[in-house]
Amino acid sequence: MEKSLLTDLKENINTIRRISGGSSDILINEFTAGGIPCALICCEGMISSQTLAEMVLSPITDIERKSSPSELFHHINSYLLLSTDRPEARDYDTLFRLVYSGFAVLIAEGSETALGFGIQGYPSRGIQEPSGESNIMGSHEGFTETVRVNMSMLRRRMKSPELVMELITKGSKSSTDICLCYMKDRVPPQLMRDIRRSLDELDTEAVLTTGYIRPFLQRDRGELFSSTGTTERPDVLCSRLIEGRAGLLVDGVPYAITVPRLFCESFQTVDDYAYKPYYAVFIRWLKYASFLTAVLLPAVYLAIIMYHPELLNSTLLTLLADAEKEAPLSVVTEAFFVLIMYEMIREAGIRMPKPAGGAVGIISGLIIGDAAVKSGLVSTPLLTVAALSVLSGLVVPDLSPQITVLRLAFLVSGAFLGLFGISLAACAVLANICATETYRFPFTAPLSPFSSSGMEDTAFRAGIRRMQSRGFTVEDYHE
């Protein structure tokens, strides 16, 4: 329950110290301004000490005598520009949220209102190139962990008043700043109402990453693919906003959430729009083929050699038979061994300290590449198939979690029922994808429901002039 500030300065200070538990980073400086006892509360490490001294303390202490705290605050608001961001606090919850956000808060004897001054100066990581969405001819700037820096990167690219950025606070303990971004002339009004309603239902103690928010923005119906997207590039987020989508920036997270998400986005990159259309189409179809290869190749290999050898010519069948008869394990066990071993090595490479990362590559090359084949545990053809599948999955990194699970699921289907089992599993996955939606925006658009105009940037990549003139927004896909 929010408790209002008191008029007695000493009691206010005692209450602040009691609520904060005597935390060492809460700094309370008592002084006199205009003949009225005052106190300035701030959090060490969250403010700029130089700005505090030059822009706040020095002007306030030079104020001539005032008859009341209301007159003092009126003078500060009317005649002093101590900071551009000057919110007010009337309760302790708001006061502490401002203090812990890098504001200096002024309280005075006899006043139930406190003034906040935005003088943030906490350390933050500089703008760097995105680690997971590399490109050649596009911007090399990526989001940082500071939400206001991310907002400025969006504004630099979109200098239109149609771009709206709303700051809200979520998390009863963390009080994390979340910025809701959208183009008010492009986004469907119903989409914004649904997103705001979902955020209102977000009742959690802390928001530490995008994973704390995304479940509230999508339906929990066993969907294999996430119906909300993420990006660490401001230019990609701007393109999504122009298409009528909404974005969410979370303080402390260098990723933005985009709503809604389309399946075709995973195969699009910024470089697609820097190359000639014919080359962009080639790269895009290469990604489609890589996705299917990553998911289906091991399963199809198992199904053919176990149930449908007649599909192979005699020479290839003989080579595969000679390679497999030397292996002591069944081909199914071999396939699972190789794929699970790869996943273990990949996870070790991600989680281990960077100085030890080189050792992971050397060990994995020895275990999977040389030792496994020479020892006879794994056949060379199966190792080649697994390597091609893993390599193909790296072409579409955005779908890596889904590829990993689906590859093993199809492997089981192919091992038990052959090509028929793979077909059944493919139908189930396809039905799951087609049933996925976000706020009545189909995940599979523009393929289902089919849209000929949307195919210009899905199956193909039309010229920039044509794409700019069509005025596309995701509302065209709304059911």
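Of the residues contained in segment 266-276, none is found to be within 30 Å of PHE420 (Cβ to Cβ), free of Cβ contacts under 8 Å to residues at least 40 places away in the same chain and out of contact with any helix residue (DSSP H, G or I) (no Cβ under 8 Å at 6 or more places or on another chain).
Of all residues in segment 287-323, exactly one satisfies the criterion of being in contact with a helix residue (DSSP H, G or I) (Cβ under 7 Å, 6 or more places away or on another chain) and charged (D, E, K, R), namely LYS287. Residue pairs whose Cβ atoms lie under 9 Å apart, separated by 6 or more positions or on different chains, with the first residue in segment 450-465 and outside the structural domain of ILE283 (by TED's automatic domain parsing) and the second of a type in the set (Lys, Arg), are SER453/ARG470; GLU456/ARG466; GLU456/ARG470; THR458/ARG284; ALA459/ARG284; PHE460/ARG284; ARG461/ARG284; ALA462/ARG470. Of the numbered conditions (1) aliphatic (A, V, I, L, M); (2) within 19 Å of ILE345 (Cα to Cα); (3) part of a helix (DSSP H, G or I), VAL395 fails exactly one; give the number of that condition. If we test VAL395 against (1) aliphatic (A, V, I, L, M); (2) within 19 Å of ILE345 (Cα to Cα); (3) part of a helix (DSSP H, G or I), just (3) comes out false.
Tell me yes or no: at least one residue of segment 6-19 is in contact with a Pro (Cβ under 7 Å, 6 or more places away or on another chain) and crowded, with 18+ Cβ neighbours inside 10 Å. Yes, segment 6-19 contains a residue that is in contact with a Pro (Cβ under 7 Å, 6 or more places away or on another chain) and crowded, with 18+ Cβ neighbours inside 10 Å. The numbered conditions (1) closer than 27 Å to LEU399 by Cα; (2) modelled with pLDDT under 85 are all true for PRO123 except (1). Meeting the requirement of 1 or more residues that are among the charged types (D, E, K, R), surrounded by fewer than 21 Cβ atoms within 10 Å (Cβ to Cβ) and in the same structural domain as ALA386 (by TED's automatic domain parsing), no strands (runs of 3 or more DSSP E) wholly within segment 202-307 can be named. So which residues in segment 137-154 are more than 16 Å from the chain's Cα centre (by Cα) and exposed (fewer than 15 other Cβ atoms within 10 Å of the Cβ), if there are any at all? Correct list: MET137, HIS140, SER152. Within segment 84-115, the set of residues being buried (at least 19 other Cβ atoms within 10 Å of the Cβ), touching a helix residue (DSSP H, G or I) at 6+ places or on another chain (Cβ under 8 Å) and under 19 Å from ASN14 (Cβ atoms) comprises ALA89, TYR92, LEU95, PHE96, VAL105, LEU106, ILE107, ALA108, SER111, ALA114. Applying the criterion of being under 21 Å from ILE47 (Cβ atoms) and over 40 Å from the mean Cα position of the chain (by Cα) to the residues of segment 20-33, the residue that is surrounded by the most Cβ atoms within 10 Å (Cβ to Cβ) is ALA33. If the condition is being surrounded by 12 or more Cβ atoms within 10 Å (Cβ to Cβ) and in contact with a Lys or Arg (Cβ under 8 Å, 6 or more places away or on another chain), then segment 34-54 contributes GLY34, ILE36. For the residues VAL331, VAL295, the requirement of being modelled with pLDDT of 80 or more and either among the aromatic types (Phe, Trp, Tyr) or out of contact with any Lys or Arg (no Cβ under 6 Å at 6 or more places or on another chain) (or both) singles out VAL331.
The values are calculated or read from the model by the stated rules, or taken from the named source; none is laboratory data. It should be emphasised that the depicted structure is a prediction, and the values quoted were computed from it without experimental measurement. Note: ideal-geometry Cβ built from the backbone for every residue, glycine included; neighbour counts use all protein chains shown.
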